[in-house]
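A short worksheet on the structure shown next.
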Amino acid sequence: MYRAWATANAFAAAGWDVTVLTVPRETFTMSTGVDESLERTVDPSIEIVRVPFHAAAFENDLRNWSRTRATIPEIWNVINARKNWRSFPEHTYGGWRSELESAALAVHARHPVDIVLGSANPHVDFTPGWALYTKFGVPYVMDYRDAWQLDVFTGARLSAPNGAVAKWERQLITHAHAVWFVNDPILQWHADLYPDDADKFHVVANGYDAAPEESVVKDDDEGLVFGYIGTISASVPIESLVEGWKRARERSPLLAKARMELWGHLNHVGPPNEAVARQLSVFANHAIAYRGPVPKREIDRVYANFDALLLVLGTGRYVTSGKVYEYAATGLPIVSVHDPINAATEVLRDAPAWYPVKDLTPDSIASALIDAAEAAQSQTGEDRLAGRAWAEQFQRARQLDPQIAALRSTVEGAKQQ
């Protein structure tokens, strides 16, 4: 969400006339939720076109179900999935293609489009660009917030080389003006798959939008606060973190009087993460508190309460996460509770106050927590400022602005021909 929001705002700030195609607001309120504080910061010059969206996974009101779906849901689901797949090979979202393409064509008819950027997933978001390219030659950019054929946690390929997904992606990448990826490992995986198109691949890291306000260094007598902000999905090794925290509190007087705060949704969509739900009953006995989600515009208040940060991620050499950059921008000590092979390791390797685990065993996690606690206890305001200065390289504008400028040159060059 943050990447899409920031990208649209960045184009608008650069003087572009921006139109965004998205689902009706109710789709978000009924599934992922809405951050109203962030919603209010969308550039007012941006035109938002709400495209009708109907997907079985988001239809929770049984009164709207057909009799067939209600009485024989297994058969109905199979038929519906096949229908959507024929439209576009993506579960849940494939059926949105026709509505998206119609909306894009309508926008172009009343106000000609210079360039299209599709931000995925869902990957059906690439189809408006494809429609305008095939009908009118409008160039398009593919922005991968994730990967379509690559499981970023396991490294496995998710679709058959000659399957529908592979054919669609090959076709889209072949004709794309540019393709953006969030980190170099994901880019390289795709470059190996599509060597003839690798020259138009670019890393556009997530970065951070604005550095959190500098927090105050606390008195020595106050207990340290370790914080996590982010979605706590099933891939996050929360149980390993808790076990390591328990051992650290046994070994370190600093950790014995410290506490941990977890902020964020308990899953991307659907029911809460069961691993966290199971742990909630034991959190209080170990000075751990789950605080729930925090609106983006109130995040400074939460960071200001922390003395050290917990970067807890699922395993995968292609995994960076968006929050790693915002974490770095605080200047606080960061404990990396993730496999060292993760791409986030390369981001933080030279950070002034970074404490990675050697592995995900409780003892290794405990050692990293203890090292970070000692660093947090002795960190000065000058130390924190040095960390914030180091992280300035990850400002989102530094990632987006050069790419936006290059696209402007492309558009202006085409108009002069």
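Run Asp17 past the list (1) in contact (Cβ under 8 Å) with a residue 24 or more places away in the chain; (2) part of a helix (DSSP H, G or I); (3) among the acidic types (Asp, Glu) and report the number of the one that doesn't hold.
Failing condition for Asp17: (2).
Restricting the range 122-142 to residues that are of a type in the set (Val, Ile, Thr) and part of a helix (DSSP H, G or I), which is nearest to the chain's Cα centre (by Cα)?
As a first pass, look at the range 122-142 and keep what is of a type in the set (Val, Ile, Thr): 124, 127, 134, 138, 141.
Add one more test, that the residue is part of a helix (DSSP H, G or I), and what stays is 124, 127, 134.
Working: Val124: 17, Thr127: 21, Thr134: 30 Å.
Looking at the filtered set, the residue picked out is Val124.
When you go through Ala366, Ala386, Ala414 one by one, which is the residue that is more than 25 Å from the chain's Cα centre (by Cα) and within 19 Å of Arg249 (Cβ to Cβ)? Steps first, answer last, please.
Working: Ala386 fails: within 19 Å of Arg249 (Cβ to Cβ); Ala414 fails: within 19 Å of Arg249 (Cβ to Cβ).
Just one listed residue meets the conditions, Ala366.
Please go through the range 305-326 and pick out each residue that is among the acidic types (Asp, Glu) and over 17 Å from the mean Cα position of the chain (by Cα).
Taking the range 305-326 as the starting set, the residues that turn out to be among the acidic types (Asp, Glu) are 307, 326.
Asp307, the sole residue that qualifies.
Residue under question is Pro52, and the condition is that it be at pLDDT 90 or above, part of a loop (DSSP other than H, G, I, E, B) and surrounded by 14 or more Cβ atoms within 10 Å (Cβ to Cβ); does it hold?
Details: at pLDDT 90 or above: yes; part of a loop (DSSP other than H, G, I, E, B): yes; surrounded by 14 or more Cβ atoms within 10 Å (Cβ to Cβ): no.
Judged against the criteria, Pro52 is not a match.
Working carefully through the options Gln377, Gln403, find the one that is under 24 Å from the mean Cα position of the chain (by Cα), among the polar types (S, T, N, Q), modelled with pLDDT of 90 or more and in a helix (DSSP H, G or I). Working first, answer last.
Numbers: Gln377 fails: under 24 Å from the mean Cα position of the chain (by Cα).
One residue alone meets the criteria, Gln403.
Scan the range 239-260 for residues that are under 23 Å from Thr320 (Cβ atoms) and surrounded by fewer than 23 Cβ atoms within 10 Å (Cβ to Cβ) and jot them down.
Listed by number, the residues that qualify are Glu239, Ser240.
All but one of (1) surrounded by 13 or more Cβ atoms within 10 Å (Cβ to Cβ); (2) closer than 19 Å to Ile173 by Cα hold for Phe58; state the number of the condition that does not hold.
(2)
Name every residue in the range 315-342 that is part of a loop (DSSP other than H, G, I, E, B), of a type in the set (Gly, Ala, Ser) and over 19 Å from Phe153 (Cα atoms), in order of residue number. Before the answer, list the steps.
Taking the range 315-342 and keeping what is part of a loop (DSSP other than H, G, I, E, B), we get 315-322, 331-333, 338-342.
Still in the list and also of a type in the set (Gly, Ala, Ser): 316, 321-322, 331.
Gly331, the sole residue that qualifies.
Taking the options Gly163, Gly137, Gly223, Gly155, name whichever one is closer than 30 Å to Arg249 by Cα, of a type in the set (Gly, Ala, Ser) and surrounded by fewer than 19 Cβ atoms within 10 Å (Cβ to Cβ).
Of the residues listed, the single one that is closer than 30 Å to Arg249 by Cα, of a type in the set (Gly, Ala, Ser) and surrounded by fewer than 19 Cβ atoms within 10 Å (Cβ to Cβ) is Gly223.
Conditions tested, residue by residue: (1) assigned to a helix (DSSP H, G or I); (2) under 22 Å from the mean Cα position of the chain (by Cα).
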{"position": "Phe153", "(1), (2)": "no, yes"}
{"position": "Ile173", "(1), (2)": "yes, yes"}
{"position": "Pro185", "(1), (2)": "yes, yes"}
{"position": "Asp196", "(1), (2)": "yes, no"}
{"position": "Asn206", "(1), (2)": "no, yes"}
{"position": "Gly227", "(1), (2)": "no, yes"}
{"position": "Thr231", "(1), (2)": "no, yes"}
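May I ask you to say which residue of Ala205, Ala211, Ala164 is among the aliphatic types (A, V, I, L, M), out of contact with any helix residue (DSSP H, G or I) (no Cβ under 7 Å at 6 or more places or on another chain), at pLDDT below 95 and closer than 30 Å to Leu117 by Cβ?
On the way: Ala205 fails: out of contact with any helix residue (DSSP H, G or I) (no Cβ under 7 Å at 6 or more places or on another chain); Ala211 fails: out of contact with any helix residue (DSSP H, G or I) (no Cβ under 7 Å at 6 or more places or on another chain).
Only one candidate passes the filter, namely Ala164.
For residues that are free of Cβ contacts under 8 Å to residues at least 40 places away in the same chain and within 20 Å of Val294 (Cα to Cα), tally how many sit in the range 41-60. Spell out the reasoning first.
Within the range 41-60, the subset free of Cβ contacts under 8 Å to residues at least 40 places away in the same chain is 42-48, 50, 56-60.
From the residues that got through so far, the ones that are within 20 Å of Val294 (Cα to Cα) too are 42.
The qualifying residues number 1.
Which of the following residues is surrounded by 12 or more Cβ atoms within 10 Å (Cβ to Cβ) and farther than 26 Å from His190 by Cα: Glu90, Glu99, Glu74? Break it down stepwise before answering.
Numbers: Glu90 fails: farther than 26 Å from His190 by Cα; Glu74 fails: surrounded by 12 or more Cβ atoms within 10 Å (Cβ to Cβ).
Only one candidate qualifies: Glu99.
Of everything in the range 61-71 that's in a helix (DSSP H, G or I) and hydrophobic (A, V, I, L, M, F, W, C), which residue is surrounded by the fewest Cβ atoms within 10 Å (Cβ to Cβ)? Don't jump to the end; show me each part of the working.
So the first thing to find is which residues in the range 61-71 are in a helix (DSSP H, G or I), and the list is 62-64, 67-71.
If we keep only those that are hydrophobic (A, V, I, L, M, F, W, C) as well, we get 62, 70.
On the way: Leu62: 8, Ala70: 11.
So, considering only residues that are in a helix (DSSP H, G or I) and hydrophobic (A, V, I, L, M, F, W, C), the one surrounded by the fewest Cβ atoms within 10 Å (Cβ to Cβ) is Leu62.
When Thr345 is evaluated against the numbered criteria (1) in contact (Cβ under 8 Å) with a residue 12 or more places away in the chain; (2) not in a loop (DSSP other than H, G, I, E, B), which criterion, by number, is the only one it fails?
Condition not satisfied by Thr345: (1).
Being in the same structural domain as Gln403 (by TED's automatic domain parsing), under 22 Å from the mean Cα position of the chain (by Cα) and among the charged types (D, E, K, R) narrows it down to one residue among Arg145, Arg110; which is it? Write out each step before concluding.
Details: Arg110 fails: under 22 Å from the mean Cα position of the chain (by Cα).
Result: Arg145 is the single residue among Arg145, Arg110 that is in the same structural domain as Gln403 (by TED's automatic domain parsing), under 22 Å from the mean Cα position of the chain (by Cα) and among the charged types (D, E, K, R).
Look through Asp350, Asp363 and report the one residue that is assigned to a loop (DSSP other than H, G, I, E, B), out of contact with any Asp or Glu (no Cβ under 8 Å at 6 or more places or on another chain), of a type in the set (Asp, Glu) and at pLDDT 90 or above.
Numbers: Asp363 fails: assigned to a loop (DSSP other than H, G, I, E, B).
One residue alone meets the criteria, Asp350.
Out of Val294, Val357, Val335, Val324, which single residue is in contact with a strand residue (DSSP E or B) (Cβ under 8 Å, 6 or more places away or on another chain), assigned by TED's automatic domain parsing to the domain that holds Leu266, of a type in the set (Val, Ile, Thr) and surrounded by fewer than 22 Cβ atoms within 10 Å (Cβ to Cβ)? It would help to see each step written out before you state the result.
On the way: Val357 fails: surrounded by fewer than 22 Cβ atoms within 10 Å (Cβ to Cβ); Val335 fails: surrounded by fewer than 22 Cβ atoms within 10 Å (Cβ to Cβ); Val324 fails: surrounded by fewer than 22 Cβ atoms within 10 Å (Cβ to Cβ).
Of Val294, Val357, Val335, Val324, the one residue that is in contact with a strand residue (DSSP E or B) (Cβ under 8 Å, 6 or more places away or on another chain), assigned by TED's automatic domain parsing to the domain that holds Leu266, of a type in the set (Val, Ile, Thr) and surrounded by fewer than 22 Cβ atoms within 10 Å (Cβ to Cβ) is Val294.
The values are calculated or read from the model by the stated rules, or taken from the named source; none is laboratory data. Because the structure is a prediction, the values reported are computed rather than measured. Backbone-built Cβ (ideal geometry, glycine too); neighbour counts: all protein chains shown.
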